[in-house]
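Visitor: The structure's right below; bear with me while I get my questions together.
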Amino acid sequence: MDRIFVTQSSMPPYEEYIEMIKPLWQNHCLTNMGEYHRQLEEELKIYLGGRREVSLFVNGHMALEMAIQSMGFPKGAEVITTPFTFISTTHAIIRNGLTPVFCDISSDFTIDVLKLEELITEKTAAILPMHVYGNICNVEEIDRIARKYGLKVIYDAAHAFGETYKGKNAAEFGDLSVFSFHATKVFHTIEGGAVCCPYREQYDTLYNLKNFGIRSQELTVSIGANAKMNEFQAVMGLCNLKYIDREIQKRKKVIQAYEEILSEAETITLNVRKKEVFCNYAYFPALFENEEKRDHIYDRLMAYGVYSRKYFWPITADAACFKNKYKRDRLENARDLSKRVLALPVYADLDLKKAVWIAEFIRKEI
Ligand SMILES: *Cc1c(COP(=O)(O)O)cnc(C)c1O
């Protein structure tokens with residue numbers, strides 16, 4: 001059997017991409033908010049519910065960093081966040097000179113709103129949750145707590161592209177929602193990302209941050225860096241956006257194949273999707289009884305050329321680089337789930353027969 005990786009980037013039809021980049025050889029406009037950049041922002045705005053401005057970035061991490069920076073929090077302020085996420089979320093907070101305060105997670109892998117309030121101090125400026133595996137956070141409760149204490153909310157929505165919860169798009173939660181369009185995500189621009197914000201002034205602030213604060217040849221209005229998306233990325237996005245619905249449907253079939261078989265396995269716990277969520281089927285996390293069993297399955301699959309991923313393990317609070325600098329007690333649930341979880345391969349073109357083979361192999365091995 002050929003090797004199967006945990007994910008595989010979707011590619012639009014080759015001719016469509018080539019046809020669209022041809023004009024770039026005439027106009028030589030490769031970046032600096034070109035025509036395709038403008039077009040992708042417009043199309044994404046519509047796709048993401050139509051109510052938020054969409055500001056494109058060179059990648060998801062810079063989108064997250066600049067989303068945080070755009071809020072202007074005082075240096076040293078605290079941001080309550082989840083440790084059960086990709087390291088980017090935590091790094092983005094720290095690289096802004098802010099202190100991450102880790103909150104435990106609940107059984108749906110998202111931040112535990114019952115443990116959130118007790119972490120709030122006079123230094124707390126914001127809450128930064130993540131919609132893990134596309135499981136939309138308890139947005140109502142997070143919103144209530146944020147209002148009560150006057151906190152900002154920034155969602156790392158990297159896993160939730162295309163999702164809606166009770167009819168509202170994932171882009172529309174919190175003060176800002178941030179997406180990654182990395183090649184491994186459901187929707188991608190090779191590398192890329194976006195910040196979705198309700199106000200035009202925020203869009204302008206983000207524009208300045210990602211473009212050196214330059215508004216015209218003679219006018220630099222603020223201090224900024226460079227985090228712009230280029231035209232080749234934007235074209236990839238425009239092409240991929242045409243196929244996103246089909247993409248999600250194909251992923252759904254893969255996940256249904258897994259579920260049909262693995263729901264029979266008593267010692268495996270599957271991810272529960274909320275009824276109110278239109279799901280993007282980005283990931284398939286399976287929870288095993290303990291770390292030993294999880295690692296056993298990981299190794300056995302690997303021996304057959306199937307690459308699953310211990311996603312997320314370890315939790316970001318335990319990353320070696322932080323060297324005990326940040327408090328990381330009372331994260332029992334996050335650590336426990338992180339030791340037991342395994343993300344199985346999911347991508348649109350994963351052969352259903354292979355998905356069935358993987359699920360049956362696991363059921364026999366467990
Ligand atoms: C992918 C991802 C990011 C970072 O995005 P890049 O586009 O790779 O920079 C941040 N947070 C989460 C949860 C992610 O999955």
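Visitor: Rounded to the nearest 20 Debye, what is the dipole magnitude of the chain about its Cα centre when Lys and Arg each give +1 and Asp and Glu each give -1 at the C-beta?
Guide: 280 debye
Visitor: Moving on to the next point. How about residue 168: which aspartates and glutamates have a C-alpha closer than 18 Å to its C-alpha, ignoring those fewer than 8 places off in the same chain?
Guide: Partners within reach: 43, 53, 140, 141, 143, 156, 245, 276.
Visitor: Something else: If we count other beta carbons within 10 Å of each Cβ, what is the order of 357, 25, 313, fewest first?
Guide: The most exposed by this proxy come first: 25, 357, 313.
Visitor: With a/c under 1.5 counting as rounded, go ahead and sort the chain into rounded, prolate or oblate using the C-alpha gyration tensor (a ≥ b ≥ c being the square roots of the eigenvalues; past the cut-off, prolate if a/b is larger than b/c, else oblate).
Guide: Oblate, since a/c reaches 1.5 and b/c is not below a/b.
Visitor: Report, in deg cm²/dmol and to the nearest 500, the calculated mean residue ellipticity at 222 nm for the chain, where each DSSP H run with n ≥ 4 adds -39500 (n - 2.57) and the sum is divided by the residue count.
Guide: Mean residue ellipticity, 222 nm, calculated: -11000 deg cm²/dmol.
Visitor: While we're on this one: Just to confirm a number: summing +1 for Lys and Arg and -1 for Asp and Glu over residues other than residue 266 whose beta-carbon lies under 11 angstrom from that of residue 266, what do you get?
Guide: Summing Lys and Arg as +1 and Asp and Glu as -1 gives -1.
Visitor: Here's a follow-up. Of 45/354; 166/253; 228/252; 152/210; 152/250; 148/339, which ones are farther than 26 Å apart at the Cα?
Guide: 45/354; 228/252; 152/250; 148/339
Visitor: Now, a different point. Let me know the shape class of the stretch 224-296, please: from the alpha-carbon gyration tensor, a ≥ b ≥ c as square roots of the eigenvalues, rounded when a/c is under 1.5, otherwise prolate if a/b is greater than b/c, or oblate.
Guide: Prolate is the answer for the stretch 224-296, as a/c is 1.5 or above and a/b outweighs b/c.
Visitor: On to the next question. Which order results if 209, 116 are arranged by neighbouring Cβ count within 10 Å, fewest first?
Guide: Ranking 209, 116 by Cβ neighbours within 10 Å, fewest first, gives 116, 209.
Visitor: Most exposed first by the Cβ proxy, i.e. fewest other Cβ within 10 Å, how do 66, 20 rank?
Guide: Starting with the residue having the fewest Cβ neighbours, the order is 20, 66.
Visitor: Also, I was wondering about something else. Before anything else, pin down the relative contact order of the stretch 1-105: Cα pairs under 8 Å, at least 6 apart, normalised by residue count, whole percent.
Guide: Once divided by the residue count of the stretch 1-105, the mean separation gives 18 percent.
Visitor: How would you rank 143-152, 329-338, 82-91, highest first, on the average number of other Cβ atoms within 10 Å across their residues?
Guide: Highest mean packing first, the order is 82-91, 329-338, 143-152.
Visitor: So if R0 is 35 Å, what FRET efficiency would residue 263 and residue 319 give, r being the distance between their Cβ atoms, rounded to the nearest 0.05?
Guide: So the FRET efficiency works out to roughly 0.55.
Visitor: Can you run phi through the Karplus equation (6.51, -1.76, 1.60; θ = phi - 60°) for the stretch 216-228 and list ³J(HN,Hα) in whole Hz, with x for Gly and Pro?
Guide: Going residue by residue, I get 7, 3, 9, 10, 10, 9, 7, 8, x, 10, 10, 9, 7 Hz, with x marking Gly and Pro.
Visitor: While we're here: Find how much the distance from residue 311 to residue 222 grows on full extension, using 0.36 nm per residue of separation minus their present alpha carbon separation; answer in nm with one decimal.
Guide: Gain on extension, residue 311 to residue 222, equals 28.2 nm.
Visitor: Related question: So for the chain, averaging the separation of alpha carbon pairs under 8 Å that are six or more residues apart and normalising by length, what relative contact order in percent results?
Guide: So the answer I get is 23 percent.
Visitor: Something else: How far is it, in nm, from the label point at residue 332 to the one at residue 28 when both lie 7 Å from their Cα along the line to the Cβ?
Guide: For the pair residue 332/residue 28, the computed spacing is 6.6 nm.
Visitor: Let me ask another. Can you give me the distance in nm between label points at residue 114 and residue 2, each placed 7 Å from the Cα along the Cα-to-Cβ direction?
Guide: 4.7 nm
Visitor: Let me ask another. So what J values fall out for the stretch 61-73 if you push phi through Karplus, 6.51 cos²θ - 1.76 cosθ + 1.60 with θ = phi - 60°, rounded to Hz, Gly and Pro as x?
Guide: 5, 5, 4, 5, 4, 6, 4, 5, 4, 5, 7, x, 5
Visitor: Considering only DSSP beta bridges where both residues belong to the chain, give the percentage that are antiparallel (nearest 5).
Guide: Roughly 60 percent of the DSSP beta bridges within the chain come out antiparallel.
Visitor: Return the aspartates and glutamates within reach of residue 353: Cα separation strictly under 15 angstrom, same-chain partners fewer than 8 residues apart disregarded; answer none if there are no such residues.
Guide: Leaving aside aspartates and glutamates fewer than 8 places away in the same chain, those within reach of residue 353 are 2, 259, 260.
Visitor: Follow-up. Within a Cβ distance under 10 Å of residue 57, other residues only, what is the Lys/Arg minus Asp/Glu net charge?
Guide: 0
Taken together, the values in this text are just the output of simple stated rules run on the coordinates, not laboratory data. Predicted model only: the values in this text are computed from it and were never measured. Quick reminder, even Gly has a Cβ in these numbers, built from the backbone with ideal geometry, and neighbours come from all protein chains shown.
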